[in-house]
Amino acid sequence: LQIYHDGSNSHIEEGGTGSLLIKSDAVNLGSVSGEYYFRGFENGGVQLRFDNSTKLETVTGGVYVYGDLLFGVGTTGNLYGGDNDKIILGSGSDFQIYHDSVNSYIANATGGLRISVAGGSNQVQINKGTVDEQMAKFIADGAVELYYDNSKKFETRSNGVEVNGHLHLADSNEIRLGNVGSNGDLRL
């Protein structure tokens, strides 16, 4: 074990075959002015701090994060979890995102599931995984479009709908035109 000053910095260095062990009922690492960077407590949590404020803390059930959880900032980053590991939000596990090794899920247990588009965007698109094939498009104050093999087959319009192709009905089904409540004025 060496403790020394090299003219610029002070060092505590473990140069042997073992580890450097620091043992105490509480460990605090901080600045000369009293700002803590790290705090650890026997039978308790460990805190990582920024500007003397706890940002990450271990607790009995896991880890608390105080503030935003940022990853990949300035570089490429990912958030990983295994099969059936869930991102859970809400007081009663109301909203969950997970993968079960076969399918991916967005599960909503209470209320409605709303997809809102903020900022300058005015549409939501559902594409094939390679993003090169449209499946559906929802345009604010405009059309809903449904596609088959990247070709638009159905579109809502201000005066009704447009079907591109044939309208197929299963056996024993009808097309009713007019007042549908009285079985329609014209039935095909």
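The values are calculated or read from the model by the stated rules, or taken from the named source; none is laboratory data. All values derive from a computational prediction rather than experimental measurement. Don't worry about glycine lacking a Cβ; one is built from the backbone with ideal geometry, like all the others, and counts go over all protein chains shown. Calculation scope for accessible area: heavy atoms of the full protein, side chains included, ligands and nucleic acids excluded. Shrake-Rupley method; radii C 1.70, N 1.55, O 1.52, S 1.80 Å.
From (1) over 34 Å from the mean Cα position of the chain (by Cα); (2) on the phi > 0 side of the Ramachandran plot; (3) at pLDDT below 90, pick out the condition that doesn't hold for G72.
(1)
Please indicate, with yes or no, whether at least one residue in segment 120-128 is surrounded by 12 or more Cβ atoms within 10 Å (Cβ to Cβ) and either more than 19 Å from the chain's Cα centre (by Cα) or not in a strand (DSSP E or B) (or both).
Taking every residue of segment 120-128 in turn, at least one turns out to be surrounded by 12 or more Cβ atoms within 10 Å (Cβ to Cβ) and either more than 19 Å from the chain's Cα centre (by Cα) or not in a strand (DSSP E or B) (or both).
Here's a check for you: in segment 143-174, which residue that is touching a strand residue (DSSP E or B) at 6+ places or on another chain (Cβ under 8 Å) and part of a loop (DSSP other than H, G, I, E, B) is least open to solvent (accessible area, probe 1.4 Å)? Can you show your working first?
Taking segment 143-174 and keeping what is touching a strand residue (DSSP E or B) at 6+ places or on another chain (Cβ under 8 Å), we get 143-147, 150, 152-156, 161-165, 174.
From what is left, the residues that are part of a loop (DSSP other than H, G, I, E, B) are 143, 150, 164-165, 174.
On the way: A143: 11, N150: 75, N164: 53, G165: 58, E174: 78 Å².
It comes out as A143.
Restricting attention to segment 35-49, and to residues there that are of a type in the set (D, E, K, R) and either loosely packed, with under 12 Cβ neighbours inside 10 Å or not in a loop (DSSP other than H, G, I, E, B) (or both), which single residue is farthest from the chain's Cα centre (by Cα)?
Of segment 35-49, the ones of a type in the set (D, E, K, R) are 35, 39, 42, 49.
Still in the list and also either loosely packed, with under 12 Cβ neighbours inside 10 Å or not in a loop (DSSP other than H, G, I, E, B) (or both): 39, 42, 49.
Values: R39: 30, E42: 34, R49: 25 Å.
Restricting to residues being of a type in the set (D, E, K, R) and either loosely packed, with under 12 Cβ neighbours inside 10 Å or not in a loop (DSSP other than H, G, I, E, B) (or both), the top hit is E42.
Quick one: which of V65, V59, V124 is closer than 30 Å to K23 by Cβ and in contact with a Lys or Arg (Cβ under 8 Å, 6 or more places away or on another chain)?
V65
Quickly run through segment 5-50 and pick out the residues that are out of contact with any strand residue (DSSP E or B) (no Cβ under 7 Å at 6 or more places or on another chain) and aromatic (F, W, Y).
Scanning segment 5-50 gives a single hit, F50.
Conditions (1) part of a loop (DSSP other than H, G, I, E, B); (2) among the hydroxyl-bearing types (S, T, Y); (3) under 30 Å from G129 (Cα atoms), marked per residue:
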site	(1), (2), (3)
S19	yes, yes, no
L69	yes, no, yes
L79	yes, no, yes
Q96	no, no, yes
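Residue-by-condition table, conditions (1) open to solvent by 80 Å² or more (accessible area, probe 1.4 Å); (2) under 28 Å from F138 (Cα atoms):
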position	(1), (2)
G16	no, no
L29	yes, no
D51	yes, no
N84	yes, no
G90	no, yes
N103	no, yes
A107	no, yes
